[in-house]
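Engineer: The structure is given below, and queries will be raised subsequently.
The values are calculated or read from the model by the stated rules, or taken from the named source; none is laboratory data. Note that this is a predicted model, so its numbers are computed, not measured. Methodologically, a virtual Cβ is constructed for each residue, glycine included, from the backbone with ideal geometry; neighbour enumeration extends over all protein chains shown.
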């Protein structure tokens, strides 16, 4: 019998144990309990087909609540398991917060495999597991000093790395340290990662529209934004979800070229901040870079470059002038900066821009 009455929506309390959380999540997916919001929600009820609600800021910074059905979440888990070769009773370790889709996916995958979750969000008890999901920042820290985490990752069959771009240098370092990495790309609106190692998971289709924007569809697509169906439809084109990223398809593989809002226009020229960072890291591998932009009366947006080390600004300027052109030469520099990141490990360029604004007032 198809349920038509509204379903109760309950926010997950932080004090729940992993055992309690898994039990309640299973009931939500099976339709035997309330839907779960993995973050604060303005709503107390949802449509009966919604099982999980994930908070996300999206590309504009405006908060949204992504509504996901049990069908979508299970389709995502099964496609992921097919790609990485997971088997029943294989164990996942949880190293990500559960207010993000990547953390919730670990729980759903464990339920699909009828296995336990090794909860490492607040624990250093690195019991052996077969799979885990992390962000590039965690991978970097494991390779560069967090020995216990490194040993945990080295024992994995596969370590999924997503949430933001993973540099080629970091992937090479992971391989050299015996970590089997699979990079992922996706978003909450597609139940998390749906592109693994640049390849669409089973059932996923990908296209590039006329302006270079990535379009995705598949059985793991979300249902709507709670209370904001209009914005949801603005990001849809028929069955396709329009991502906030630019990309290209080469021989059936998707290559992400940066977020739409990652692009700035300085002096009339488009600059991808991600591409700029990757080019600099490749040329100067002992330095770390994060780029952003500040409003500027002359340039419209002035390119800014921060580094964790002290930079040779003249060398940087000359390299970028030759490699990309004069338009890609930063107007402002900050040395020895602690990079700001979001909780899921994405560059927090707005916070970085505020540091530049304070420094150059």
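Engineer: Report, by residue number, each residue of segment 145-188 that is exposed (fewer than 15 other Cβ atoms within 10 Å of the Cβ) and at positive phi.
Structural biologist: Those that are exposed (fewer than 15 other Cβ atoms within 10 Å of the Cβ) and at positive phi: 145, 178.
Engineer: In segment 327-350, how many are part of a helix (DSSP H, G or I) and either crowded, with 18+ Cβ neighbours inside 10 Å or at pLDDT 90 or above (or both)? Break it down stepwise before answering.
Structural biologist: We begin by selecting, within segment 327-350, every residue part of a helix (DSSP H, G or I); these are 327-328, 349-350.
Still in the running and either crowded, with 18+ Cβ neighbours inside 10 Å or at pLDDT 90 or above (or both): 328, 349.
Adding up the residues that qualify gives 2.
Engineer: Of the residues 138, 82, only one is at pLDDT 95 or above, out of contact with any strand residue (DSSP E or B) (no Cβ under 6 Å at 6 or more places or on another chain) and surrounded by fewer than 23 Cβ atoms within 10 Å (Cβ to Cβ); which? Spell out how you get there, then give the answer.
Structural biologist: Working: 138 fails: at pLDDT 95 or above.
Sole residue among the options that is at pLDDT 95 or above, out of contact with any strand residue (DSSP E or B) (no Cβ under 6 Å at 6 or more places or on another chain) and surrounded by fewer than 23 Cβ atoms within 10 Å (Cβ to Cβ): 82.
Engineer: May I ask you to list the residues in segment 295-316 that are surrounded by 13 or more Cβ atoms within 10 Å (Cβ to Cβ) and in a strand (DSSP E or B)?
Structural biologist: Passing the criteria: 296, 300, 301, 302, 303, 304, 305, 306, 307.
Engineer: Given the structure, is residue 22 assigned to a helix (DSSP H, G or I), modelled with pLDDT of 95 or more and under 21 Å from residue 195 (Cβ atoms)?
Structural biologist: On the way: assigned to a helix (DSSP H, G or I): yes; modelled with pLDDT of 95 or more: yes; under 21 Å from residue 195 (Cβ atoms): no.
Spelling it out, it is not the case that residue 22 is assigned to a helix (DSSP H, G or I), modelled with pLDDT of 95 or more and under 21 Å from residue 195 (Cβ atoms).
Engineer: If you don't mind, another one. Since residue 318 meets every condition but one in (1) out of contact with any strand residue (DSSP E or B) (no Cβ under 7 Å at 6 or more places or on another chain); (2) more than 16 Å from residue 281 (Cα to Cα), which condition does it not meet?
Structural biologist: (2)
Engineer: Right, something else. Taking segment 169-196 only, how many residues are touching a strand residue (DSSP E or B) at 6+ places or on another chain (Cβ under 7 Å), touching a residue at least 40 places away in the same chain (Cβ under 8 Å) and not in a strand (DSSP E or B)?
Structural biologist: Number of matching residues: 5.
Engineer: Continuing with the same structure: Can you spot a residue in segment 30-37 that is under 24 Å from the mean Cα position of the chain (by Cα) and either under 18 Å from residue 190 (Cβ atoms) or in a helix (DSSP H, G or I) (or both)?
Structural biologist: Here is the first cut: in segment 30-37, the residues under 24 Å from the mean Cα position of the chain (by Cα) are 35-37.
Still in the list and also either under 18 Å from residue 190 (Cβ atoms) or in a helix (DSSP H, G or I) (or both): none.
No, because not a single residue in segment 30-37 is under 24 Å from the mean Cα position of the chain (by Cα) and either under 18 Å from residue 190 (Cβ atoms) or in a helix (DSSP H, G or I) (or both).
Engineer: Please verify whether residue 230 is surrounded by fewer than 17 Cβ atoms within 10 Å (Cβ to Cβ), part of a helix (DSSP H, G or I) and either at pLDDT 90 or above or not assigned by TED's automatic domain parsing to the domain that holds residue 209 (or both), treating the condition exactly as stated. Spell out the reasoning first.
Structural biologist: Numbers: surrounded by fewer than 17 Cβ atoms within 10 Å (Cβ to Cβ): yes; part of a helix (DSSP H, G or I): yes; either at pLDDT 90 or above or not assigned by TED's automatic domain parsing to the domain that holds residue 209 (or both): yes.
Answer is yes for this residue.
Engineer: Hey, another quick one. When you go through 77, 72 one by one, which is the residue that is over 30 Å from residue 285 (Cβ atoms), part of a helix (DSSP H, G or I) and in contact (Cβ under 8 Å) with a residue 60 or more places away in the chain? Walk me through it before giving the result.
Structural biologist: Numbers: 77 fails: in contact (Cβ under 8 Å) with a residue 60 or more places away in the chain.
Matching residue, one of 77, 72: 72.
Engineer: Does residue 207 fit the bill of being more than 27 Å from residue 352 (Cβ to Cβ), surrounded by 14 or more Cβ atoms within 10 Å (Cβ to Cβ) and within 21 Å of the chain's Cα centre (by Cα)? If you could, list the steps in order and put the result at the bottom.
Structural biologist: Working: more than 27 Å from residue 352 (Cβ to Cβ): yes; surrounded by 14 or more Cβ atoms within 10 Å (Cβ to Cβ): yes; within 21 Å of the chain's Cα centre (by Cα): yes.
Criteria met by residue 207.
Engineer: Looking only at segment 299-315, count every residue that is over 19 Å from residue 345 (Cβ atoms) and either in contact (Cβ under 8 Å) with a residue 24 or more places away in the chain or touching a strand residue (DSSP E or B) at 6+ places or on another chain (Cβ under 9 Å) (or both) and tell me the total. It would help to see each step written out before you state the result.
Structural biologist: Filtering segment 299-315 down to residues over 19 Å from residue 345 (Cβ atoms) leaves 299-305, 309-315.
From what's left, either in contact (Cβ under 8 Å) with a residue 24 or more places away in the chain or touching a strand residue (DSSP E or B) at 6+ places or on another chain (Cβ under 9 Å) (or both): 299-305, 309-311, 313.
Here the count works out to 11.
Engineer: Here are the criteria: (1) assigned to a loop (DSSP other than H, G, I, E, B); (2) closer than 16 Å to residue 96 by Cα; (3) out of contact with any helix residue (DSSP H, G or I) (no Cβ under 8 Å at 6 or more places or on another chain). Tell me which single one residue 145 does not satisfy.
Structural biologist: Single failed check for residue 145: (2).
Engineer: Taking residue 319, is it touching a residue at least 60 places away in the same chain (Cβ under 8 Å) and either assigned to a helix (DSSP H, G or I) or within 22 Å of the chain's Cα centre (by Cα) (or both)?
Structural biologist: On the way: touching a residue at least 60 places away in the same chain (Cβ under 8 Å): no; either assigned to a helix (DSSP H, G or I) or within 22 Å of the chain's Cα centre (by Cα) (or both): yes.
When the stated conditions are applied, residue 319 does not pass them.
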